[in-house]
Amino acid sequence: MTSHSLTLDRVSCRLADGRPLFSDLSFSFEPVATGLVGANGAGKSVLARLLAGQLSPDDGRVHRSGQVFLLPTPGYPPRGTVGELAGVGAELAALARIEAGSIDEADFACVGDHWDLRERLQQQWQAMQLPADLDPAQPASRLSGGQAMQVALSGAWASGADWLILDEPSNHLDARHRHQLYAQLQQWQGGLLAISHDRGLLAQ
């Protein structure tokens, strides 16, 4: 996989009331497995969204190359569909429209090279021993906490991204599935930033 990096260039972020969350951050994340720890409320999840391009800093710039996939802090019960929980709801919807006859350039741009996205998701779900009848269109609220996290992680593994940013990826997982997650992290060849309090995960 081509080398990619994420760089913070004098980045600052303020809360809605004007108080600084963090200021003047400069750092370059190399495409290796990196763990990020910090106290609750320190701004770790906000930093993850900045790195992924979902938020803009109040000052400074974030430089990124390649595709970045963010797995956000999990909530329960999850909202939306199973496909949306996996982080690929927009791609699956665009793919369905193309299959129904759409020639909209925006749909093709959304799908990109991921024409086999459904198949890759199903492979991940099978490997995770999720229910065989799991459907991307069904409500994610039907899933248990552990199943919801596995679905979210399946989107990360199937994304083909150059960078994964995983925010508390072992939440709701039992011991067996945590060890499965650790094994998958060790096999990941791209850039990886894991935000976690899980010492077993960080030890990887």
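The values are calculated or read from the model by the stated rules, or taken from the named source; none is laboratory data. Keep in mind that this is a model prediction, so the values were computed, not measured. Every residue, glycine as well, gets a Cβ built from its backbone with ideal geometry; the counts of neighbours run over all protein chains shown.
Check segment 42-60 and report whether any residue there is at pLDDT below 90, under 27 Å from Cys13 (Cα atoms) and buried (at least 18 other Cβ atoms within 10 Å of the Cβ).
The answer is no, given that none of the residues of segment 42-60 is at pLDDT below 90, under 27 Å from Cys13 (Cα atoms) and buried (at least 18 other Cβ atoms within 10 Å of the Cβ).
Can you pull out the residues in segment 75-100 that are among the acidic types (Asp, Glu), farther than 10 Å from Ala140 by Cβ and crowded, with 16+ Cβ neighbours inside 10 Å?
If we filter segment 75-100 for residues that are among the acidic types (Asp, Glu), which is where we start, we get 84, 91, 99.
Filter once more, keeping what is farther than 10 Å from Ala140 by Cβ: 91, 99.
Listed by number, the list holds a single entry, Glu91.
Hey, can you tell me all the residues within segment 1-46 that are more than 18 Å from the chain's Cα centre (by Cα), farther than 18 Å from Phe69 by Cβ and in a loop (DSSP other than H, G, I, E, B)?
Leu15, Ala16, Asp17, Gly18, Arg19, Gly38, Ala39, Asn40, Gly41, Ala42 - these are the residues of segment 1-46 that are more than 18 Å from the chain's Cα centre (by Cα), farther than 18 Å from Phe69 by Cβ and in a loop (DSSP other than H, G, I, E, B).
Exactly one condition in (1) over 30 Å from Pro20 (Cα atoms); (2) of a type in the set (Ser, Thr, Tyr); (3) in contact (Cβ under 8 Å) with a residue 60 or more places away in the chain is not met by Ser45; state its number.
(1)
Is it the case that segment 124-139 has a residue that's touching a residue at least 60 places away in the same chain (Cβ under 8 Å) and either farther than 19 Å from Tyr76 by Cβ or of a type in the set (S, T, N, Q) (or both)? I'd like the intermediate steps shown before the answer.
Going through segment 124-139, the residues touching a residue at least 60 places away in the same chain (Cβ under 8 Å) turn out to be none.
Checking segment 124-139: not a single residue is touching a residue at least 60 places away in the same chain (Cβ under 8 Å) and either farther than 19 Å from Tyr76 by Cβ or of a type in the set (S, T, N, Q) (or both).
From (1) touching a Gly at 6+ places or on another chain (Cβ under 8 Å); (2) over 23 Å from Gln67 (Cα atoms); (3) buried (at least 21 other Cβ atoms within 10 Å of the Cβ), pick out the condition that doesn't hold for Leu121.
If we test Leu121 against (1) touching a Gly at 6+ places or on another chain (Cβ under 8 Å); (2) over 23 Å from Gln67 (Cα atoms); (3) buried (at least 21 other Cβ atoms within 10 Å of the Cβ), just (2) comes out false.
Going by the structure shown, is Ser170 out of contact with any Asp or Glu (no Cβ under 8 Å at 6 or more places or on another chain) and polar (S, T, N, Q)? Please lay out each step first, then the result.
Working: out of contact with any Asp or Glu (no Cβ under 8 Å at 6 or more places or on another chain): no; polar (S, T, N, Q): yes.
Taking the combined requirement at face value, the residue does not satisfy it.
Would you mind telling me which numbered condition in (1) part of a helix (DSSP H, G or I); (2) free of Cβ contacts under 8 Å to residues at least 40 places away in the same chain; (3) within 20 Å of the chain's Cα centre (by Cα) Gly83 fails?
Single failed check for Gly83: (2).
Conditions: (1) part of a helix (DSSP H, G or I); (2) hydroxyl-bearing (Ser, Thr, Tyr); (3) without any contact (Cβ under 8 Å) to a residue 12 or more places away in the chain. Ser102 meets all but one. Number of the miss?
For Ser102, the exception is condition (1).
So for segment 188-196 (the condition being touching a residue at least 60 places away in the same chain (Cβ under 8 Å), within 26 Å of Ser65 (Cα to Cα), buried (at least 18 other Cβ atoms within 10 Å of the Cβ) and among the aromatic types (Phe, Trp, Tyr)), does at least one residue qualify?
No, segment 188-196 has no match at all.
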